[in-house]
Amino acid sequence: SQSYQGAERHVVFGKYETGKLLGKGTFAKVYYGKEMASGDSVAIKVINKDQVKKEGMMDQIQREISVMRMVRHPNVVELKEVMATKTKIFFVMEYVRGGELFAKVASGKLKEDQARRYFQQLISAVDFCHSRGVSHRDLKPENLLLDENEDLKISDFGLSALPEQLRHDGLLHTQCGTPAYVAPEVLRKKGYDGSKADIWSCGVILFVLLAGFLPFREENLMKMYRKIFKAEFECPKWFTAESKRLICKLLVPDPDRRITIQAIMRVPWFCKGFSRPPSFS
Ligand code: ADP
Ligand code: MG
């Protein structure tokens, strides 16, 4: 059924009423929604089944659902319920009203304290996911949302991997993610540890927050890959020595020599003002 209010079109799904389009992804459109009985805000991700089936991504959607149910954490977008019709799948999620971290970065570099706070929240959420056996594999500022308290929430587990995807060698073999944020071992297509690859992406994100631009900037994709393989980047002069040192430990091409989450959490630059958020699972 449909109802109209002002100029905005409101389509009603079950107990929810949807409003404006919040964002678009590859297979999905995300709308603002309201639970009619309570008036609570939600975000509803609408996925087109036909398109997903055509591209053989149904398993991945199923995985996205299982993963989101497994990783309940203050810095991860909460999945409230899943509904489906013949043609569509609906993810009802908590509504994160502050938009993408990407928008913040697009208007320039952040102050170090602000960047650190986002990075601390990112790392605690990523640590939690890894402890549940989940690697995200598509960490980038477009998939990090901010709530009304400027708290970061990881979203879009559409490319995430679970342990059952590991082959006999215990490594992941699917190439995914966004080139500028992707770890060298993922680009090499030889099998990789999803958790270590996530840490690389966190390194690129930290660089972007502090710099306002990407560490590996190159129009030509092959040239960009070459820079990523060698971790060829330069920290801008305004980076402090401590933040520079941490970035140099994160953006290490050899995944086995890259800093671990446990070690990140012991770095003095990271620890400043850090208190581990309570996690409920
Ligand atoms: P895709 O998997 O297709 O990339 P996403 O899950 O990343 O889709 O959602 C696309 C966009 O919708 C996001 O980049 C964001 O702008 C918006 N969005 C997604 N989830 C929420 C949410 N819970 N609250 C507010 N906006 C959201
Ligand atoms: Mg996305």
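The values are calculated or read from the model by the stated rules, or taken from the named source; none is laboratory data. No experiment lies behind these values; they were computed from the predicted model shown. Neighbour counts are summed over all protein chains in view; Cβ atoms, including those assigned to glycine, are modelled from backbone coordinates with ideal geometry.
The set of residues in region 134-146 that are surrounded by 22 or more Cβ atoms within 10 Å (Cβ to Cβ) and either assigned to a strand (DSSP E or B) or within 10 Å of ligand 1 (Cβ to nearest atom) (or both) comprises SER135, ASN143, LEU144, LEU145. Does LEU206 count as more than 16 Å from ligand 1 (Cβ to nearest atom), touching a Ser or Thr at 6+ places or on another chain (Cβ under 8 Å) and modelled with pLDDT of 95 or more? Considered against the rule, which asks whether it is more than 16 Å from ligand 1 (Cβ to nearest atom), touching a Ser or Thr at 6+ places or on another chain (Cβ under 8 Å) and modelled with pLDDT of 95 or more, LEU206 comes out as yes.
Given the structure, is GLY98 closer than 30 Å to PRO236 by Cβ, part of a strand (DSSP E or B) and under 19 Å from the mean Cα position of the chain (by Cα)?
No; evaluated as a whole, the condition is false for this residue.
Scanning region 147-165 for residues that are away from ligand 1 (no atom under 11 Å from the Cβ), part of a loop (DSSP other than H, G, I, E, B) and out of contact with any helix residue (DSSP H, G or I) (no Cβ under 7 Å at 6 or more places or on another chain) gives GLU148, ASN149, GLU150.
Looking only at region 206-237, residues that are closer than 17 Å to LYS104 by Cβ and not β-branched (Val, Ile, Thr) come to 8 in all. Filter region 18-39 down to the residues that are surrounded by 13 or more Cβ atoms within 10 Å (Cβ to Cβ), more than 13 Å from ligand 1 (Cβ to nearest atom) and not in a strand (DSSP E or B) and list them by number. Answer for region 18-39, where residues must be surrounded by 13 or more Cβ atoms within 10 Å (Cβ to Cβ), more than 13 Å from ligand 1 (Cβ to nearest atom) and not in a strand (DSSP E or B): there is none.
Please verify whether region 82-91 includes one or more residues that are under 18 Å from the mean Cα position of the chain (by Cα), away from ligand 2 (no atom under 16 Å from the Cβ) and either part of a strand (DSSP E or B) or not small (Gly, Ala, Ser) (or both).
no
Within region 232-281, the set of residues being at pLDDT 95 or above, of a type in the set (S, T, N, Q) and in a loop (DSSP other than H, G, I, E, B) comprises THR240, THR260. Scan region 110-133 and give yes if some residue there is small (Gly, Ala, Ser), over 23 Å from VAL186 (Cβ atoms) and within 13 Å of ligand 1 (Cβ to nearest atom), otherwise no. No, every residue in region 110-133 fails to be small (Gly, Ala, Ser), over 23 Å from VAL186 (Cβ atoms) and within 13 Å of ligand 1 (Cβ to nearest atom). Filtering region 234-252 for residues that are buried (at least 17 other Cβ atoms within 10 Å of the Cβ) and farther than 14 Å from CYS202 by Cα leaves a non-empty set.
With the requirement that a residue be over 14 Å from GLY194 (Cα atoms), of a type in the set (A, V, I, L, M, F, W, C) and more than 10 Å from the chain's Cα centre (by Cα), what does region 129-151 give you?
LEU146
The number of residues in region 226-245 being closer than 27 Å to LYS189 by Cβ and either of a type in the set (S, T, N, Q) or in contact (Cβ under 8 Å) with a residue 24 or more places away in the chain (or both) comes to 4. Kindly evaluate SER195 against the criterion of being within 18 Å of VAL134 (Cβ to Cβ), buried (at least 20 other Cβ atoms within 10 Å of the Cβ), in contact with a strand residue (DSSP E or B) (Cβ under 6 Å, 6 or more places away or on another chain) and modelled with pLDDT of 90 or more. When the stated conditions are applied, SER195 passes them. Report whether or not VAL126 is modelled with pLDDT of 95 or more, within 17 Å of ASN143 (Cα to Cα) and within 16 Å of ligand 2 (Cβ to nearest atom). It is false that VAL126 is modelled with pLDDT of 95 or more, within 17 Å of ASN143 (Cα to Cα) and within 16 Å of ligand 2 (Cβ to nearest atom).
Scanning region 55-71 for residues that are surrounded by fewer than 21 Cβ atoms within 10 Å (Cβ to Cβ) and either assigned to a strand (DSSP E or B) or touching a helix residue (DSSP H, G or I) at 6+ places or on another chain (Cβ under 9 Å) (or both) yields MET57, MET58, GLN60, ILE61, ARG63, MET70.
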